[in-house]
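The values are calculated or read from the model by the stated rules, or taken from the named source; none is laboratory data. The model shown is predicted, which means the values in this text are computed figures rather than measured ones. No Cβ is skipped: glycine too gets one built from the backbone with ideal geometry, and neighbour counts run over all protein chains shown.
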Amino acid sequence: MIIKPKVRGFVCVTAHPEGCAAHVQEWIQHVKSQGPIQGGPKKVLVIGSSTGYGLASRISAAFGSGAATIGIFFERPSEEGRPATPGWYNSIAFTRAARAAGLYARNFMGDAFTNEMKQQVVAAIKADLGQVDLVVYSLAAPRRTHPVTGVVHKSCLKPVGTAYTNKTVDTDKGIVSEVTIDPANDTDVADTIAVMGGEDWELWIKALREAGVLAPGAQSVAYSYIGPEVTWAIYKNGTIGLAKNDLERAARAIDAQLKPSGGRAFISVNKALVTQASSAIPVVPLYISILYKIMKAAGTHEGCIEQIYRLFATQMYNGHTPKFDESGRVRVDDWEMRPEIQAAVVKIWPAVTTENLPALTDIAGYREEFLKLFGFGLNGVNYDAETEPHLPME
């Protein structure tokens, strides 16, 4: 079938298999171009490996350090007349490239929150790898069925305490408007923490430790975001921020468990980027569009793969040890949060309107990166040609 982008709100409901493969190859080439990661991980588990920072972690480990990788993801395969999700195609493309390079790559497609998935993955590690030396936790899920209670928790993006009003942008139509978001109630907060907090990360590490499949000195990292004050009401101080606070609590608990064997666990605070998750957060796409313009002009813009390669190469491996902030987090959002960058954002923010959006922001770059997530706009791909959407998982 011929597949074109169909954007509805903050999501594209189509994905292009060859385009997704080209996007994965771009990321692989970036890692290769940077050179090997000395002392890098060799046996890696990535929980949430099919898109964004999780996919970038898997690629950086495999092609930067020659690592064997196990990836877990929950994606939808193609159906009659409907292509698969981009994460499905990304995972196939990664697996093909890794195996072509002689690297072990095994995939588990299903719900990472379940005890059954944890048992399956533990068995695979025992059988194939023995132990893993890096566990990346990069899940971004809208809901979680609790493995003990059976309760279904649904996360939400809401402010806490009072309603929040600020500018936002319809990235598809290019319309700048005001949005008001009602505050979360106690159930909203508890549910979001249950989904996006640290409990499941802890359960994964517990399962891996008890099975003896964590190597001595093993590291574990999870990803977070803080951002500038303009986004705090909906992010840092909102429901998702409270969930990220719980993720930091889990990091401290896991770190204490890994330290006796020479390991560590920590949170990496990453830069604001166009991802499927960030596109759904009001206010944030407008901030990202402004940020991209400023950081590209400054020569400091990075995407997912650049961020994670830098994390691995300058904080975790290559003879480096993590540089922690006052809260024990690694900050690879440091270039974003430079005072001069944020001062420029603050200057532009109140002036942005629908009419001057293309001039004051990089809305074009935002749209380009957004469509790339779904395999569109990649060089060398003929989007007018027939393509096969029904690809089996490798």
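Observations, loosely collected:
- Which listed residue, of Pro83, Pro41, Pro77, is buried (at least 22 other Cβ atoms within 10 Å of the Cβ), modelled with pLDDT of 95 or more and out of contact with any strand residue (DSSP E or B) (no Cβ under 7 Å at 6 or more places or on another chain): Pro83
- Qualifying residues in the range 116-155 (those that are without any contact (Cβ under 8 Å) to a residue 40 or more places away in the chain and under 24 Å from the mean Cα position of the chain (by Cα)) - the one nearest to Ala218 (Cα to Cα): Gln120
- Taken over the range 159-203, residues that are of a type outside the set (Asp, Glu), touching a strand residue (DSSP E or B) at 6+ places or on another chain (Cβ under 9 Å) and under 29 Å from Gly110 (Cβ atoms) amount to 9.
- Every condition in (1) touching a residue at least 40 places away in the same chain (Cβ under 8 Å); (2) farther than 20 Å from Ala68 by Cα; (3) out of contact with any Gly (no Cβ under 8 Å at 6 or more places or on another chain) holds for Ala190 except the one numbered (1).
- Selection of the range 1-51 for residues being farther than 27 Å from Ile363 by Cβ, charged (D, E, K, R) and part of a loop (DSSP other than H, G, I, E, B) yields only Lys42.
- Checking Gly54, Gly87 one by one, the residue that is in contact with an Asp or Glu (Cβ under 6 Å, 6 or more places away or on another chain), closer than 22 Å to Gln307 by Cβ, part of a helix (DSSP H, G or I) and not basic (Lys, Arg) is Gly87 and no other.
- Residue check: Thr354 meets all listed conditions (1) β-branched (Val, Ile, Thr); (2) touching a residue at least 60 places away in the same chain (Cβ under 8 Å); (3) buried (at least 19 other Cβ atoms within 10 Å of the Cβ) but one, namely (3).
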